Amino acid sequence: MKIIVFGGDGFCGWPCALNLSAKGHEVCIVDNLSRRNIDTELECDSLTPIQPIGKRLEAWKEVSGQTIRFMNINIAEEYHRLLNLLNDYEPDSVIHYAEQRAAPYSMKSSKERRYTVNNNLNATNNILSAIVESERDIHVLHLGTMGVYGYGTVGAVIPEGYLRINIANPDGESSEKEILYPADPGSIYHMTKTQDALFFYFYNKNYGLRITDLHQGIVWGTDTDQTGRDERLINRFDYDGDYGTVLNRFLVESAVGHPLTVYGTGGQTRAFIHIQDSVRCVELAMAHPPKKGDRVHIYNQMTETHRLIDLANKVSELTGATIDFIENPRKEAEKNELKVSNECFLNIGLDPITLKDNLMVEVVDVARRYKNRVDLSKIPPQSQWVPNKETKEKVAAC
Ligand code: NAD
Ligand code: USQ
């Protein structure tokens, strides 16, 4: 198949592009390198020494014999370049990772709020709109988030996208209906993902676009079978207070002797998936596209849920790290239960990789290997959901 990976220079997109190329697909990466520019802006860097995209692709050709094409396009702004690409390249599927994905970054100040909304909504709308204009039958796979549901579930299992409801009629009877599960975003970033879901709903209903929306949990780990083949293929590993996600942060913190940064009580429960499974899920979903006329397929792309304090205790037992409870910079429930259905992926062949000590040790080993690249000043959280006076003054001074 011919596939475009939008956002293919990023943490999830890069190993996905390599995996699909290794499986014999023809792959084109489209990325405007904005994530690398945000590192420069934040004066942070990936823990791992990621190579410039040109070097990455050269290394891949050398290692695998396969060529991956690259185009630097800002898909939120350069609509006609995007449309021309669809017409010239004629992809069968496109995979959409190209959004600003950090909740803390999206909550920093009006600049980041506006950037996240403009970038994410225009990127999604432009892809969908260009597919309509190209008149091509292209399967769209989008990386969404578990956070569209919120994390409070009144004890029920979160279904895969749709909720069956009964509506009372005036005559005393009731009608059944399936609706999109009510959106409950917890950050500006998560809000853009709930709005993406409405774009998909509409473009599917009106133009018949074939769309799969993957509601992914927190991705952890760093290497996959393909990124591990050569050091020049190494994947991004964020650990800073804005882009680092919780389990990867705990593992880096333990490697550099920093206490584990548990926000609030650590009673929050979240869904997780290992990077290798993330890549596998996208491959599986691509091999099982919606048929013409199907509604949007929504899959929960996660393999397990964990309470954060339990994760911190696990990492602490494994590595001897101490735990610090930090005042929570976010506005979120102190604790929540989370039960999630992931039947769709299990039914099409996912054999989940779950949190095992040896996998966590692998990540700690990577963190230890590159620990001299860690800037300890970047570990504390940098963004607050409700800024206090001191934070407001800091932003105003910038
Ligand atoms: P990332 O920031 O590492 O990668 C995103 C890539 O998209 C970057 O390389 C960036 O330069 C590119 N990009 C952003 N805007 C663009 C634009 N306008 N035009 C072209 N390229 C653009 O993020 P990631 O962790 O790889 O996440 C990828 C997707 O998966 C995101 O949409 C995110 O919401 C979703 N997701 C990620 C996680 C996670 O834990 N990392 C979990 C759930 C869902
Ligand atoms: N947290 C800590 N300590 C830390 C960092 C985070 O206790 O050092 C807590 C947060 O308060 C939160 C939880 O860990 O309760 C998760 O935070 P996170 O930064 O790991 O994840 P989140 O902000 O939700 O975002 C990440 C990705 C995002 C993706 C989302 C999937 O950055 O792109 O959409 O995970 S999900 O969480 O399932 O919505």
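The values are calculated or read from the model by the stated rules, or taken from the named source; none is laboratory data. None of these values were measured; they are calculated from a predicted model. Positions of Cβ are generated from backbone atoms using ideal geometry, with glycine treated the same way; all protein chains shown enter the neighbour counts. Each accessible area value is taken on the protein alone, full model and side chains, heavy atoms only, with ligands, DNA and RNA left out. Shrake-Rupley method; radii C 1.70, N 1.55, O 1.52, S 1.80 Å.
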Region 119-139 residues that are assigned to a helix (DSSP H, G or I), paired with ones that are open to solvent by less than 20 Å² (accessible area, probe 1.4 Å) and among the aromatic types (Phe, Trp, Tyr) (beta carbon under 7 Å, 6 or more apart):
Ile127/Phe6
Looking at (1) modelled with pLDDT under 95; (2) of a type in the set (A, V, I, L, M, F, W, C); (3) in contact with a Pro (Cβ under 7 Å, 6 or more places away or on another chain), which is the only condition Val154 fails?
(3)
What are the residues in region 22-65 that are assigned to a strand (DSSP E or B), within 12 Å of ligand 1 (Cβ to nearest atom) and free of Cβ contacts under 8 Å to residues at least 60 places away in the same chain, if any?
Ile29
Name the single residue that is farthest from ligand 1 (Cβ to nearest atom) among those in region 222-272 being of a type in the set (Lys, Arg) and either part of a helix (DSSP H, G or I) or closer than 14 Å to Asn313 by Cα (or both).
Arg229
Out of everything in region 199-210 that is assigned to a helix (DSSP H, G or I) and more than 16 Å from ligand 1 (Cβ to nearest atom), what residue ends up being nearest to the chain's Cα centre (by Cα)?
Tyr201
When the residues of region 37-69 are narrowed to those that are under 13 Å from Gly8 (Cβ atoms) and surrounded by fewer than 19 Cβ atoms within 10 Å (Cβ to Cβ), which ends up nearest to the chain's Cα centre (by Cα)?
Ile53
Among Ala102, Ala123, Ala130, which is the only one that is touching a strand residue (DSSP E or B) at 6+ places or on another chain (Cβ under 8 Å) and open to solvent by less than 40 Å² (accessible area, probe 1.4 Å)?
Ala123
Scan region 111-155 for residues that are more than 9 Å from ligand 1 (Cβ to nearest atom), among the aliphatic types (A, V, I, L, M) and in contact with a helix residue (DSSP H, G or I) (Cβ under 9 Å, 6 or more places away or on another chain) and jot them down.
Val117, Leu121, Ile127, Leu128, Ala130, Ile131, Val132, Ile138, Val140, Leu141, Val148
Any residue in region 174-183 that is surrounded by 24 or more Cβ atoms within 10 Å (Cβ to Cβ), within 22 Å of Thr269 (Cβ to Cβ) and either modelled with pLDDT under 95 or within 13 Å of ligand 2 (Cβ to nearest atom) (or both)?
no
Restricted to region 70-94 and to residues being β-branched (Val, Ile, Thr) and closer than 21 Å to Asn37 by Cβ, the residue surrounded by the fewest Cβ atoms within 10 Å (Cβ to Cβ) is Ile73
Identify, by number, the condition in (1) open to solvent by 20 Å² or more (accessible area, probe 1.4 Å); (2) over 25 Å from Asn248 (Cβ atoms); (3) hydroxyl-bearing (Ser, Thr, Tyr) that Ser34 doesn't meet.
(2)
Quick test for you: out of Asp196, Asp213, pick the one residue that is in a strand (DSSP E or B) and open to solvent by less than 10 Å² (accessible area, probe 1.4 Å).
Asp213
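Mind checking whether some residue in region 142-155 is within 16 Å of ligand 2 (Cβ to nearest atom) and over 30 Å from Pro329 (Cβ atoms)? Give the steps one after another, and end with the answer.
Filtering region 142-155 down to residues within 16 Å of ligand 2 (Cβ to nearest atom) leaves 142-153.
Narrowing the set further to residues that are over 30 Å from Pro329 (Cβ atoms) leaves none.
Looking for residues that are within 16 Å of ligand 2 (Cβ to nearest atom) and over 30 Å from Pro329 (Cβ atoms), one finds none in region 142-155, hence no.
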